[in-house]
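I have a structure here, written as structure tokens, and I will follow up with some questions on it.
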Amino acid sequence: MSDMQDNGHHHDHDHAHGHRHPFQPDLEDGDYSYYQVMTEAVIELLVGKKVITAEELRSTIEVIDSKSPVFGARLIARAWVDPAFKARMLEDVISAAGELGIDAGAIPIRAVENTTAVHNVIVCTLCSCYPRSLIGLPPDWYKARAYRSRVVREPRAVLKEFGTQIPVDVEVRVHDSTADLRYMVLPARPSGTGDLDEEALADLVTRDCMIGTALPKSA
Amino acid sequence: MSPRFPIGARVSVTRAFPPGHVRTPFFVRGKTGIVTDIVGDFPNPEELAYGRDGLPARTLFRVTFLQCDLWPDYEGSAEDTTVVDIYEHWLQDAETLSQTAETGAREHV
């Protein structure tokens, strides 16, 4: 942290410091990992052998990057104001998303509903399965070993570190997706939001509350 | 074909440690839970990972475990659970297993 604090004071580089300020390392300064080499080699082969074009690769990455928690938030806000929609969403998230013009992809997604009796939280202990089509790319902590191993072992302690305390009479239910399903949490509508319209409600829905590590913002 | 286990069945996860692209987490192997959902049939991802066709398709179950069954020193509510997606070839009927265990015990007397 000390070099961060250095940003605050005035630097006069004419005087002899006697030391060099450490630079933030560039990406290339780390070791070139096995998987980086493999990824680049596979891309070169696929493009070189005309299995895919560089243009297709670029546009696919753009599609992936275009996904964001805004999509999931729109679904949840609609579910909060429309019980029939909520029922359809709990039955089939992909088709419910389609009703709102959102392409949720082909991998089945389950919405798990928070109630006064159950608080849901999602994880993929084996890798990083995540409802990317509705929440975007997972945060680094979701893929980290600390979260993946601890949230099934001591979920209440992990939630507390996120600032989320679940009363002891509410069941904490961890969902571990291992292969063919993805999960998103359907949080409970915050109290005191009776006056808000759907758009304002969607603003209360954060990425973390769809993972289950947080609750929606209050109105 | 009807699924091997109905919703509500008590099932035990095989305690095995094969190599490969295994989709059953270590922490539930050898543990017993309840089938709470039958998701459907999917080509076996443990085979797909090696470029094979994954057929016949396997039924994917959602199995609910009590946290205090998974972790003897679990600190939290006794009602807390973890739900894991597990393929049929990793599951055994827990009732049959415990009967077999009892028979085995009697035979040893």
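With r as the distance between the Cβ atoms of A:D197 and A:Y34 and R0 = 45 Å, compute the FRET efficiency 1/(1 + (r/R0)^6) and round to 0.05. Kindly include the intermediate steps, with their values, before the conclusion.
Numbers: r = 51 Å, r/R0 = 1.13.
That gives a FRET efficiency of 0.30.
Under a plain spin-label model, where a point goes 7 Å from the Cα along Cα-to-Cβ, how far apart in nm are B:E47 and A:S59?
For B:E47 paired with A:S59, the spin-label model returns 3.5 nm.
Per DSSP helix of 4 or more residues, -39500 (n - 2.57); summed, then divided by the residues of the protein assembly as shown. What does that give at 222 nm, rounded to the nearest 500? Intermediate results must be reported in sequence, preceding the final value.
Working: 15 runs with 119 residues, N = 328.
That calculation yields -9500 deg cm²/dmol at 222 nm.
Let me ask something else. Apply the Karplus parameterisation 6.51 cos²θ - 1.76 cosθ + 1.60, with θ equal to phi minus 60°, to every residue of the stretch B:52-62 and state each ³J(HN,Hα) to the nearest whole Hz, in sequence, with x for glycine and proline.
8, 7, x, 9, x, 4, 10, 7, 9, 10, 9
As a footprinting exposure proxy, order A:Y35, A:Y130 by other Cβ within 10 Å, with the fewest listed first.
Details: A:Y35 8, A:Y130 22.
Fewest-to-most Cβ neighbours within 10 Å comes out as A:Y35, A:Y130.
In a solvent-free Debye calculation with one equal scatterer on each Cα, what is log10 I(q)/I(0) for the stretch A:76-219 at q = 0.10, 0.16 Å⁻¹, listed in the order of the q values?
-0.32, -0.85
Still on this structure, I have one more. When the Karplus curve 6.51 cos²θ - 1.76 cosθ + 1.60 is applied with θ = phi - 60°, which whole-Hz ³J(HN,Hα) does each residue of the stretch A:131-140 get, with x for Gly and Pro?
So the Karplus estimates, Gly and Pro as x, are x, 4, 5, 10, 10, x, 6, x, x, 4 Hz.
Nearest 5 is fine: what % of DSSP beta bridges in the protein assembly as shown come out antiparallel, could you say?
55 percent
Give the average, rounded to an integer, of partner chain Cβ atoms located within 10 angstrom of each Cβ in A:149-156. Before the final figure, lay out the partial values.
Working: counts 1, 0, 1, 9, 8, 6, 6, 6.
Across A:149-156, the average partner-chain Cβ count within 10 Å equals 5.
Under the Cβ-under-4.7 Å rule, which cysteines of chain A stay unpaired?
Singleton cysteines: A:C127, A:C209.
I would also like to ask the following. Would you list, by chain and number, the aspartates and glutamates whose Cα falls below 16 Å from the Cα of A:K67, excluding same-chain residues fewer than 8 positions away?
By straight Cα distance, A:K67 reaches A:D103, A:D208.
Rounded to two decimals, what is the ratio between the C-alpha radius of gyration of the stretch A:116-173 and 2.2 N^0.38 Å? Don't skip to the end; give the middle numbers.
Working: Rg = 12.0 Å, N = 58, 2.2 N^0.38 = 10.3 Å.
Taking N as the residue count of the stretch A:116-173, the ratio is 1.17.
Can you put B:W90, B:W71, A:W141 in order, fewest other beta carbons within 10 Å first?
Working: B:W90 21, B:W71 17, A:W141 13.
Ranking B:W90, B:W71, A:W141 by Cβ neighbours within 10 Å, fewest first, gives A:W141, B:W71, B:W90.
Calculate I(q)/I(0) for the stretch B:4-73 by the Debye formula, one identical point scatterer on each C-alpha and no solvent, and give its log10 at q = 0.23, 0.24 Å⁻¹ to two decimals.
-1.12, -1.16
Stretch B:H89-B:T36 to full length: gain in nm at 0.36 nm per residue minus the Cα-Cα span? Can you show the working numbers first?
Details: separation 53, 0.36 × 53 = 19.08 nm, distance 1.69 nm.
Gain in length upon complete extension: 17.4 nm.
Okay, next question. Under a Cβ-only charge scheme (Lys and Arg +1, Asp and Glu -1), can you give me the dipole magnitude of chain B about the Cα centre, in debye to the nearest 20?
Values: 10 positive and 16 negative charges, 60 e Å.
Its charge dipole is roughly 280 debye.
Of A:M184, A:M210, how do they rank once you tally other Cβ atoms within 10 Å and put the fewest first? Let's see the in-between values first.
Details: A:M184 28, A:M210 25.
The most exposed by this proxy come first: A:M210, A:M184.
Still on this structure, I have one more. Give the Rg (one decimal place) followed by the Dmax (whole number) of the protein assembly as shown, computed from C-alpha coordinates and expressed in Å.
23.8, 90
Here's a follow-up. Run down the lysines and flag those whose C-alpha is under 18 Å from the C-alpha of A:K160, throwing out any fewer than 8 positions away in its chain.
Counting by Cα, and skipping residues close in sequence, A:K160 has these lysines nearby: A:K217.
Coordinate-derived values only; no laboratory data. Remember, predicted model here, so these are calculated numbers, not experimental data. Using ideal geometry, Cβ is built from the backbone for each residue, glycine included, and neighbour counts are taken over all protein chains shown.
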